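Data block below; observations after.
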Amino acid sequence: MVDPLLEARDVAFAYGSERRVFDSLSLSIATGEFVGILGPNGSGKTTLLKLFCGLLAPSAGDVRFGGRALSEIPPRARAQDIAFVPPEAPTDSPFTVLEATLMGRFPRQGPFPFDTDLDVTIARRALERVNALAFERRYLVELSAGERQRVGVARALAQEPGVMLLDEPTSHLDLGHQVATYSLLRELRRESGLTIVVVSHDVNLAATYCERLVLLAGGKIARSGTPADVLRRGVLESVYRTPVTLGAHPETHTPWVFPSHTVSDSEQQQPDR
């Protein structure tokens, strides 16, 4: 890959002495890519996102943004370029939806930050894009988990970043809002060249919208490439340790993954009721 925007170079990371996540992981993300990070629980998906945005620092190797070591970039400057959306928004926040979204403007404000009319306009536009403007005056504690999740995406949009790192952005959303969220991300990528990296447990949703998938297993990259390259039966069964059946989306023809169900002899012998 030529001139990657985000790059992990031989990264090692561990949580204390008990849990080693990566020994020597390397991954490059190009400008404008829409990448989905897949893998079973504990494979390092969230850790990788946090390393990419500087919330965690590697114990060996380095993470680079635009060819520069991430550790050399001041936090405010990093936040102007890279937005991170965690999987869970705080449930005890005393702020309204609009106030929480305006926090995304902080990296772009001066040394004595205050919200200008432009900041409010950008925040409201972000809320409108995630279909949350109608409850801008409500407090976060009054929202459902899915509504808080949409506000988290809006806050990231208000940062006006070049890169968005999203950790399970649709885990609490209904089908309609899942599609709306991924469609919005794809639209932003097309409009402004936004680089998007999303962690997902929904293999089929990621395959439908992401142009590249990275499958993690045991702190290593088991497979990386197009959905058709990655979503192969042997690869998936080895990584997830469960039998699967592959199909294809009837419109996009991207691969779809279904859990296999082997009918036991006792089930076959049960009479119809």
- Residues other than Arg125 with Cβ under 15 Å of its Cβ, Lys/Arg counted +1 and Asp/Glu -1, net out at -2
- Set the Förster radius R0 to 51 Å, insert the Cβ-Cβ distance between Asp10 and Ala134 as r into 1/(1 + (r/R0)^6), and round the FRET efficiency to 0.05. 0.60
- Note on the structure: Shape descriptor, the chain: equivalent ellipsoid semi-axes (Cα gyration tensor, sqrt 5λ, whole Å, largest first) stand at 33, 25, 17
- Message: Give me the one-decimal nm value for the distance between modelled label points at Val235 and Glu88, 7 Å along each residue's Cα-to-Cβ direction.
- Response: 3.1 nm
- How much accessible area per residue does the chain have, in Å², with a 1.4 Å probe? 51 Å²
- In nanometres, the difference between 0.36 nm per residue of separation and the alpha-carbon distance of Glu211 and Glu72 is 47.0 nm
- For the chain, longest principal axis from Cα atoms; helix 117-129 axis from its Cα atoms; angle between them, nearest 10 degrees, is 20 degrees
- Query: When the Cα centres of segment 46-85 and segment 189-233 are compared, how far apart do they sit, in Å?
  - Reply: 20 Å
- Out of Leu49, Leu102, Leu27, any idea which swings most in a Gaussian network model of the chain, alpha carbons joined below 10 Å? Leu27
- Would you mind working out the magnitude of the charge dipole of segment 176-265 relative to its Cα centre, with +1 at each Lys and Arg C-beta and -1 at each Asp and Glu C-beta, to the nearest 20 Debye? 300 debye
- Task: Name the residue, out of Gly219, Gly42, Gly16, whose mean-square fluctuation peaks in a Gaussian network model built on the chain with Cα pairs under 10 Å.
- Result: Gly16
- Task: Take Phe258, Phe135 and sort them by solvent-accessible surface of the protein heavy atoms, 1.4 Å probe, largest at the top.
- Result: Phe258, Phe135
- Item | Two-site FRET efficiency, Ala60 against Ala145, from Cβ-Cβ distance with R₀ of 25 Å, rounded to 0.05 | 0.10
- Hey, can you rank 142-150, 203-211, 70-78 by average C-beta count inside 10 Å, highest first? 203-211, 142-150, 70-78
- Query: Taking the Cβ-Cβ separation of Asp174 and Thr252 as r and a Förster radius of 25 Å, what is the calculated FRET efficiency to the nearest 0.05?
  - Reply: 0.75
- Could you give the alpha-carbon Rg of segment 94-207 over 2.2 N^0.38 Å, rounded to two decimals? 1.05
- One checks the Cα atoms of segment 145-187 and finds Rg and Dmax, in Å, of 9.9, 27
- Hey, if you put +1 on the Cβ of every Lys and Arg and -1 on every Asp and Glu Cβ in segment 90-143, which of Gln109, Tyr139, Ser93 ends up farthest toward the positive end of that dipole? Gln109
- Task: Might you report the magnitude of the Cβ-based charge dipole of the chain about its Cα centre, with Lys and Arg at +1 and Asp and Glu at -1, to the nearest 20 debye?
- Result: 400 debye
- Task: Measure off, as a whole percent, the carbon and sulfur share of the 1.4 Å-probe accessible area of segment 98-191, all protein chains present.
- Result: 52 percent
- So what's the angle, to the nearest 10 degrees on a 0 to 90 scale, between helix 175-192 and the longest Cα principal axis of the chain? 60 degrees
- Task: Pick out which of Ala69, Ala217, Ala100 has the largest mean-square fluctuation in a Gaussian network model of the chain, springs linking Cα atoms closer than 10 Å.
- Result: Ala69
- Query: In terms of the Cα gyration tensor, with a ≥ b ≥ c the square roots of its eigenvalues, is segment 14-98 rounded because a/c is under 1.5, prolate because a/b exceeds b/c, or oblate?
  - Reply: oblate
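The values are calculated or read from the model by the stated rules, or taken from the named source; none is laboratory data. Only a predicted model underlies this, so the values are computations on that prediction, with no experimental measurement involved. Reconstructed Cβ throughout: ideal geometry from the backbone, glycine too, with neighbour counts over all protein chains shown. The accessibility values were calculated without ligands, DNA or RNA, using every heavy atom of the protein model including side chains. Shrake-Rupley method; radii C 1.70, N 1.55, O 1.52, S 1.80 Å.
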